[in-house]
1. Go through (1) crowded, with 17+ Cβ neighbours inside 10 Å; (2) without any contact (Cβ under 8 Å) to a residue 40 or more places away in the chain one by one and return the number of the condition Leu45 breaks.
2. Got a number for residues in segment 60-89 being touching a Gly at 6+ places or on another chain (Cβ under 9 Å) and surrounded by fewer than 16 Cβ atoms within 10 Å (Cβ to Cβ)?
3. Among the residues that make up segment 33-41, is at least one of them in a helix (DSSP H, G or I) and not β-branched (Val, Ile, Thr)?
4. Here's a check for you: in segment 66-77, which residue that is over 20 Å from Val32 (Cα atoms) and under 14 Å from the mean Cα position of the chain (by Cα) is modelled with the lowest pLDDT?
5. In segment 43-92, which residues are assigned to a helix (DSSP H, G or I), farther than 12 Å from Thr6 by Cβ and charged (D, E, K, R)?
6. What pairs come up if the first residue lies in segment 14-33 and is buried (at least 17 other Cβ atoms within 10 Å of the Cβ) and at pLDDT 95 or above, the second is of a type outside the set (Asp, Glu) and in a helix (DSSP H, G or I), and their beta carbons are under 8 Å apart, counting only those six or more places apart or on different chains?
7. Where residues in segment 3-13 are more than 12 Å from Leu60 (Cα to Cα) and of a type outside the set (D, E, K, R), which of them is modelled with the lowest pLDDT?
8. Take Ser9 and decide whether it is of a type in the set (Gly, Ala, Ser) and part of a helix (DSSP H, G or I).
Amino acid sequence: MIYGYTRMSMEIQKPMLLKHIDELNKAGAEKVYYDVPGRHEQQALNELITDLKSGDTVYLLSLDRLSRDEEEMKSILEKIKAKGAEIKVLVK
C-alpha cells in the first residue's frame, strides 16, 4: 500500500496542509496521514508507523514534513525501514 504523510505546525498553515494532502493523493497515495496542532504530538505519524507492513511505501513531499529535528527524523526513518517499508520523497 502507498501511504502519504505530512504535518503542519501552526494553524495558519491549514491551506498548505490541504495542498499537501492533494499532492500526495495525486502522486498515488492511497491513504494520507497528517498531524495538526492540538492533536496529541505525532498521533497520525504513530498510527502510520503502526499500520505499515513490509512492502508498503510512504510518500513525503519533503523530509521537513516528517520532522524539523534531525535526530528525531533519523529515528522515524529507522522505524519506517524496520517495518520493511520504503520512503519516497517527492520534492527534493
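The values are calculated or read from the model by the stated rules, or taken from the named source; none is laboratory data. Please read all numbers here as calculations on a predicted model, not as lab measurements. Cβ: placed from backbone, ideal geometry, glycine included. Neighbour counts: every protein chain shown.
1. All conditions pass for Leu45, except number (2).
2. 2
3. no
4. Checked segment 66-77; the qualifying residue modelled with the lowest pLDDT is Glu72.
5. The answer is Glu47, Asp51, Glu70, Glu71, Glu72, Lys74, Glu78, Lys79, Lys81.
6. Filtered contacts from segment 14-33: Val32/Ile21; Val32/Leu24; Val32/Asn25; Tyr33/Ala44; Tyr33/Leu45; Tyr33/Leu48.
7. The qualifying residue modelled with the lowest pLDDT is Ile12.
8. Criteria not met by Ser9.
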